1. Looking for whichever is free of Cβ contacts under 8 Å to residues at least 24 places away in the same chain, assigned to a loop (DSSP other than H, G, I, E, B) and either basic (Lys, Arg) or farther than 17 Å from CYS64 by Cβ (or both) here; the options are ASP181, ASP176. Which one fits?
2. Kindly indicate whether ALA149 is out of contact with any Gly (no Cβ under 9 Å at 6 or more places or on another chain), crowded, with 18+ Cβ neighbours inside 10 Å, small (Gly, Ala, Ser) and touching a residue at least 24 places away in the same chain (Cβ under 8 Å).
3. Can you name the residue in segment 84-101 that is in a helix (DSSP H, G or I) and of a type in the set (Asp, Glu) and, of all such residues, is farthest from the chain's Cα centre (by Cα)?
4. What pairs can you find where one residue is in segment 57-81 and on the phi > 0 side of the Ramachandran plot and part of a loop (DSSP other than H, G, I, E, B), the other is hydroxyl-bearing (Ser, Thr, Tyr) and at pLDDT 95 or above, and their Cβ atoms are less than 8 Å apart, with a gap of 6+ or different chains?
5. Can you tell me how many residues in segment 101-113 are under 22 Å from ALA38 (Cβ atoms) and touching a Leu at 6+ places or on another chain (Cβ under 7 Å)?
Amino acid sequence: MDNTSGAAAPVEDNRRHWDERVPINTASSFYDLDGFRAGDEDLDRFQTDELGDVTGLDLAHLQCHIGLDTLSWARRGARVSGLDFSAPAIRTATDLAREIGLDHRARFVTADANDAVEALGAGAFDIVYTGNGALMWLPDIDHWARTVAELLRPDGRLYLAEFHPLTDVLDDARGDTVTRDYFSRAARTYDSPGSYADWTAETTHNTVTEWHHSLGDVISAVAGAGLRIEFVHEHDTIPFQRYGSLVAEGARFVYPDRSRRLPLMYSLAASAPVR
């Protein structure tokens, strides 16, 4: 779905927002960088099960923020390239890779996701990965899918783990009542002070814009870019308390009533054709 008309200014607002949040997130217990340095992993179990062994593979992580997911894949044996439009985030990720001794297997590049082919190289990757809370910041999901296809080698794979788009339209208190139009394609601009990693943090750049992409939009964009859908799985866990009613289950959150669940995340895998 093409929403690029007039998107330049909102994207720049988003970049300033994320630049300001980097030191907040880096210092937070939410990201727990000390635990990560000590060996903790920042990936859902379903992600590692579904993607499988990445040893020796070249993996690009689009919209990588401060690089914890990226470096988790590097720890599992991949050669990783992380990309994000926030220069402070990329500096943090680069420093972290050096601190934990993975700078020989990880590089980080500052660029917009739309420019990933020019920044990282066409046909250079066995896997393109993108993780939690990334797609909502993209005005044009079709452009993103075409970019992914260009990054992949023949028979390479896209692996996506994302918040379910249904979570965009449910109420914040209980997560069981529809409060917005699931099918709306209108950009949503709003004020977002603080950070999900520390809601008490004082911030200045608080205006953000999100673009809602339904599950059908994402699947259609990936297929339209020439990739073969392998699976789409929906999941009932999420790594933060998205709704007030969710309860902790280990390091993740779930609905308290296991007989009345809605999807909180989804994962998708798709493969490039063998040429």
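The values are calculated or read from the model by the stated rules, or taken from the named source; none is laboratory data. Not measured: the values here are computed from a predicted model. A quick note on method: Cβ atoms are made from the backbone with ideal geometry, for glycine too, and the neighbour counts reach across all protein chains shown.
1. Numbers: ASP176 fails: free of Cβ contacts under 8 Å to residues at least 24 places away in the same chain.
Among ASP181, ASP176, only ASP181 is free of Cβ contacts under 8 Å to residues at least 24 places away in the same chain, assigned to a loop (DSSP other than H, G, I, E, B) and either basic (Lys, Arg) or farther than 17 Å from CYS64 by Cβ (or both).
2. On the way: out of contact with any Gly (no Cβ under 9 Å at 6 or more places or on another chain): no; crowded, with 18+ Cβ neighbours inside 10 Å: yes; small (Gly, Ala, Ser): yes; touching a residue at least 24 places away in the same chain (Cβ under 8 Å): yes.
Spelling it out, it is not the case that ALA149 is out of contact with any Gly (no Cβ under 9 Å at 6 or more places or on another chain), crowded, with 18+ Cβ neighbours inside 10 Å, small (Gly, Ala, Ser) and touching a residue at least 24 places away in the same chain (Cβ under 8 Å).
3. Keep residues of segment 84-101 that are in a helix (DSSP H, G or I), which gives 87-99.
Among the residues that remain, those that are also of a type in the set (Asp, Glu) are: 95, 99.
Details: ASP95: 21, GLU99: 23 Å.
Per the criteria, the residue is GLU99.
4. GLN63/THR130; HIS65/SER86; GLY67/THR92; GLY67/THR94; GLY77/THR55
5. At the first step, the residues of segment 101-113 found to be under 22 Å from ALA38 (Cβ atoms) are 101-106, 108.
With the extra rule that they be touching a Leu at 6+ places or on another chain (Cβ under 7 Å), the set shrinks to 102, 106.
Qualifying residue count for the region: 2.
Rundown of residues vs (1) under 18 Å from the mean Cα position of the chain (by Cα); (2) within 16 Å of ASP172 (Cα to Cα); (3) β-branched (Val, Ile, Thr); (4) modelled with pLDDT under 95, yes/no style:
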| site | (1), (2), (3), (4) |
| --- | --- |
| LEU215 | yes, no, no, no |
| VAL218 | yes, no, yes, no |
| ALA223 | no, no, no, no |
| ASP257 | no, no, no, yes |
| ALA269 | yes, no, no, no |
